[in-house]
1. So in the stretch 159-174, with the set limited to residues that are assigned to a helix (DSSP H, G or I) and without any contact (Cβ under 8 Å) to a residue 12 or more places away in the chain, which one is most open to solvent (accessible area, probe 1.4 Å)?
2. Kindly list, by first and then second residue, each pair from a residue in the stretch 110-133 that is touching a residue at least 60 places away in the same chain (Cβ under 8 Å) to a residue that is among the basic types (Lys, Arg) and assigned to a helix (DSSP H, G or I), limited to pairs with Cβ atoms under 8 Å and residues at least 6 apart or on different chains.
3. Within the stretch 25-54, track down each residue that is surrounded by fewer than 17 Cβ atoms within 10 Å (Cβ to Cβ) and over 20 Å from Leu162 (Cβ atoms).
4. Test of understanding: among Lys8, Lys4, which residue is out of contact with any Phe, Trp or Tyr (no Cβ under 7 Å at 6 or more places or on another chain), open to solvent by 80 Å² or more (accessible area, probe 1.4 Å), modelled with pLDDT under 95 and not in a loop (DSSP other than H, G, I, E, B)?
5. Collect the residues in the stretch 292-313 that are under 20 Å from His166 (Cα atoms) and either of a type in the set (A, V, I, L, M) or open to solvent by less than 30 Å² (accessible area, probe 1.4 Å) (or both), keeping them in residue-number order.
6. Which of the residues spanning the stretch 192-239 are among the charged types (D, E, K, R), surrounded by 12 or more Cβ atoms within 10 Å (Cβ to Cβ) and not in a loop (DSSP other than H, G, I, E, B)?
7. Would you check if there is a residue in the stretch 188-201 being closer than 30 Å to Asn144 by Cα and modelled with pLDDT under 90?
8. Checking Trp273 against (1) in a helix (DSSP H, G or I); (2) free of Cβ contacts under 8 Å to residues at least 24 places away in the same chain; (3) surrounded by fewer than 14 Cβ atoms within 10 Å (Cβ to Cβ), which test does it fail?
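The values are calculated or read from the model by the stated rules, or taken from the named source; none is laboratory data. This one's a predicted model, so the numbers in the text were calculated from it and none came from an experiment. Note that each Cβ is placed from the backbone with ideal geometry, even for glycine, and that neighbours are counted across all protein chains shown. Quick note on the areas: whole protein, heavy atoms, side chains included, nothing else; ligands and nucleic acids left out. Shrake-Rupley method; radii C 1.70, N 1.55, O 1.52, S 1.80 Å.
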Amino acid sequence: MKIKIKPKRLWLCFFISKFIYMFFAIFVYSQFTPLSDTFTYLSGELYSPQEMFSMSTLFIGTIAHSFTLILGPTLANAPFVILSFYGIYYAVSRIDLTNKQLTILLILLSFPNFGIYSSIASKEAIAVFFMGVILGFIIDIIKNRPVGNYLLIIIAFYLCILFKIHYMIGISALLIYLFLSRILKLDGYGKLFLLLLFFIVSFGLLYIFRYEINGLSFNMPKYFSLKSNSTRENTFWINDFDVFKNALYGMYLAFVGPTFTEATQKVTHLFAWIESTIILSTFAVGSLKLYLVATKTHKFNIYYLSIFLIPTLWILFVHYPYGVLNPGSAIRYRENFYGFLVILFYFLYTETLNQYYQNIKIKNKIQDKQ
């Protein structure tokens with residue numbers, strides 16, 4: 001006998017889990033890994049109503065301390081829980097999912113590190129909100145739905161520019177791709193050409209700004225103290241343009257966080273490594289299943305592949321300088337876009353499978369009539 005859980009109950013369980021993560025982060029996790037930014041935001045050290053709209057740190061410091069004055073230092077984290085929850089709900093609610101699919105997706109979005117950092121007063125919680133709203137906006141465009149909530153969408157883009165302006169490169173590139181695909185009414189080959197054009201333009205921009213990017217890479221190590229137990233020695237950017245030469249491995253390492261060797265040396269790193277391994281394995285299994293569907297149907301959805309690759313590659317590239325030198329920073333900063341990537345992949349994954357099974361049903365009906 002199968003037990004059916006209603007979507008509302010699934011969402012309620014997910015919502016409660018975020019509050020559990022909030023208390024766990026404040027009273028337990030903070031004893032193993034510093035949550036200094038959160039306590040600084042709550043303390044009022046960065047309280048500045050006059051300048052809050054010009055700098056992300058002052059923005060969150062002002063908002064967090066204001067909640068502290070009203071709710072106290074512990075419950076002041078609750079609005080950030082609600083904010084990140086809404087960002088996830090806004091995006092996921094736009095996808096047609098079965099109860100089983102929704103359960104799997106919410107489990108992926110309940111992994112410890114994501115649950116912790118998106119459930120406290122943090123930039124990550126705000127990022128989960130605006131990235132979720134932006135993704136919901138993108139899904140509406142892909143599904144050819146009327147776009148509403150313009151004020152909310154404008155706020156989300158404003159926050160993205162304020163907090164993570166470098167993410168706008170990938171998001172803007174994706175929106176341009178979607179716009180050109182629709183306006184030009186491109187077929188599969190046209191969309192493939194557009195994807196190739198994206199790579200050409202991207203590499204061209206990296207080449208044009210190679211000296212600036214190279215200079216910025218040499219400045220990154222000064223933001224990571226070698227006194228920290230987790231900080232790695234800088235072996236990534238020694239010679240000119242190493243930032244490009246080591247990009248692929250750096251993108252991987254900045255997403256995964258700790259290496260296996262580092263995972264054996266610290267408990268928190270071990271859990272982070274296990275979590276990252278599960279995440280990558282999930283993506284791999286999903287990709288393999290989509291590949292098998294493509295081989296069976298002899299059709300490859302270049303449109304969906306482009307929609308995933310364009311923002312993902314850019315976000316991972318701009319993220320890697322911030323995460324490659326410290327596994328702890330890598331994991332924390334990853335949570336800014338983790339929900340975006342997981343929901344986007346799952347959306348494209350379920351859409352592809354739904355189309356595949358619908359085609360099978362149509363073929364079976366035709367055969368039955370014959």
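1. Per the criteria, the residue is Ile161.
2. Between residues of the stretch 110-133 that are touching a residue at least 60 places away in the same chain (Cβ under 8 Å) and residues that are among the basic types (Lys, Arg) and assigned to a helix (DSSP H, G or I), the close pairs are Asn113/Arg332; Asn113/Arg334; Gly115/Lys18; Tyr117/Arg332; Ser118/Lys18; Ser119/Lys18; Glu124/Arg332; Ala127/Lys164.
3. Those that are surrounded by fewer than 17 Cβ atoms within 10 Å (Cβ to Cβ) and over 20 Å from Leu162 (Cβ atoms): Phe27, Val28, Ser30, Gln31, Phe32, Pro34, Ser36, Phe39, Ser43, Gly44.
4. Within the list Lys8, Lys4, the selection yields Lys8.
5. Result: Ser306, Ile307, Leu309, Ile310, Pro311, Thr312, Leu313.
6. Listed by number, the list holds a single entry, Arg210.
7. yes
8. Unmet for Trp273, out of (1) in a helix (DSSP H, G or I); (2) free of Cβ contacts under 8 Å to residues at least 24 places away in the same chain; (3) surrounded by fewer than 14 Cβ atoms within 10 Å (Cβ to Cβ): (3).
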